[in-house]
Ligand SMILES: Cc1cc2nc3c(=O)[nH]c(=O)nc-3n(C[C@H](O)[C@H](O)[C@H](O)COP(=O)(O)O)c2cc1C
């Protein structure tokens, strides 16, 4: 997989995810085999107005490379100016968000609204491509709603405008994040354009990545929610795509030690606020583990990283010293049940 001159070390990428894919999360994803990572969606207006909060979203460390920034907006000049800012910040690639369904983004004709006006989409994309030398990519949905699926047309427009690949979240804007992704549209996009196509939507297990590539012919796979509390998915999926054994699922110890390392990284950046930010991640890391509800309740009251760490260590000790009955009724699938990775009620639902 490559985006122009940027060669990726694999085919399983981390999606941009607002409120989740900050620098500590991205570093964990890269350490666990994500071929590439993206910053959270960033407003082009915020960047050109030099809003410090917007710039914070674009802080990254060298070990995260290859890393892309992702911009949203609908004005060609503002997007071109914001793209230059991203290039100056040293990003390897720049992604254009043409899929965000959030009302306040749509109200500014940006995100998924761009799918309804291909003239504008072409003008914005071309303006960005002409403004920077780094590769420009795009992330789209299959259409505005299920009656107006136009991803193949969108992909051809993007190809004409000079993007290096298109990532397709296989849902319409109207579906937000619900229901099953329509992978057949990823296959249609692949047939309609010479661009590399990255499939996205519902990759939760290594087997899903293999099935997505087989069923759609996509060149790469982008993982969003499946990576929450489960960075191991990246390497396991890549191995399975390479025809190798995916390797074992992480032990409870590995999961909790990774949560603690994550907490330390967050605390170095955010101080005590890391305890609050870490709450959702802890719920994700211990999903399906025995008596995780008690831990989650305690962590949700913790105000400092030290307290959260102590709770995690005490929970690990309890897991390792007591016999662990299977948490009945929480397993998602046979494999999840056998490996203690079933879903339960503690993982927060997507923010947007
Ligand atoms: C909490 C959350 C935040 C998201 N933020 C972004 C974003 O900033 N940019 C973007 O292109 N997509 C965003 N998405 C969409 C995901 O990148 C991805 O396309 C979608 O979740 C489908 O993939 P999945 O089924 O693997 O999660 C977000 C999704 C969620 C759940």
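Identify, from the list 229, 224, 247, the residue that is at positive phi and under 13 Å from the mean Cα position of the chain (by Cα).
Values: 224 fails: at positive phi; 247 fails: under 13 Å from the mean Cα position of the chain (by Cα).
Going through 229, 224, 247 in turn, just one is at positive phi and under 13 Å from the mean Cα position of the chain (by Cα): 229.
How many of the residues in the stretch 265-295 are in contact (Cβ under 8 Å) with a residue 40 or more places away in the chain, surrounded by fewer than 17 Cβ atoms within 10 Å (Cβ to Cβ) and not in a helix (DSSP H, G or I)?
Total satisfying the criteria: 0.
Of the residues 80, 34, 29, only one is more than 13 Å from the ligand (Cβ to nearest atom), touching a helix residue (DSSP H, G or I) at 6+ places or on another chain (Cβ under 9 Å), in contact (Cβ under 8 Å) with a residue 12 or more places away in the chain and not assigned by TED's automatic domain parsing to the domain that holds residue 263; which? Lay out the reasoning, then the answer.
Numbers: 34 fails: more than 13 Å from the ligand (Cβ to nearest atom); 29 fails: more than 13 Å from the ligand (Cβ to nearest atom).
Checking each option against the conditions leaves just 80.
Just give me the residues in the stretch 209-225 being surrounded by fewer than 20 Cβ atoms within 10 Å (Cβ to Cβ) and within 13 Å of the ligand (Cβ to nearest atom), in sequence order.
225
Would you please name the residue that is nearest to the ligand (Cβ to nearest atom), looking only at residues in the stretch 1-23 that are more than 30 Å from residue 107 (Cβ to Cβ) and not in a strand (DSSP E or B)?
The selected residue is 11.
Of everything in the stretch 226-240, what is in contact (Cβ under 8 Å) with a residue 40 or more places away in the chain and away from the ligand (no atom under 16 Å from the Cβ)? Give them in sequence order.
Matches in the stretch 226-240: 235 only.
Looking at the stretch 166-196, which of its residues are buried (at least 24 other Cβ atoms within 10 Å of the Cβ) and away from the ligand (no atom under 14 Å from the Cβ)?
Answer for the stretch 166-196, where residues must be buried (at least 24 other Cβ atoms within 10 Å of the Cβ) and away from the ligand (no atom under 14 Å from the Cβ): just 189.
Quick check on this structure: which one of 89, 96, 71, 57 is touching a strand residue (DSSP E or B) at 6+ places or on another chain (Cβ under 8 Å) and within 24 Å of residue 267 (Cβ to Cβ)?
Criteria check complete, one pass: 57.
Residues to consider are 199, 179; find the one that is without any contact (Cβ under 8 Å) to a residue 40 or more places away in the chain and closer than 13 Å to residue 140 by Cα. Step through it out loud before you land on a result.
Numbers: 179 fails: closer than 13 Å to residue 140 by Cα.
Unique residue meeting the criteria: 199.
The values are calculated or read from the model by the stated rules, or taken from the named source; none is laboratory data. Note that the structure is a prediction, hence the values are computed from the model and not measured. Cβ: placed from backbone, ideal geometry, glycine included. Neighbour counts: every protein chain shown.
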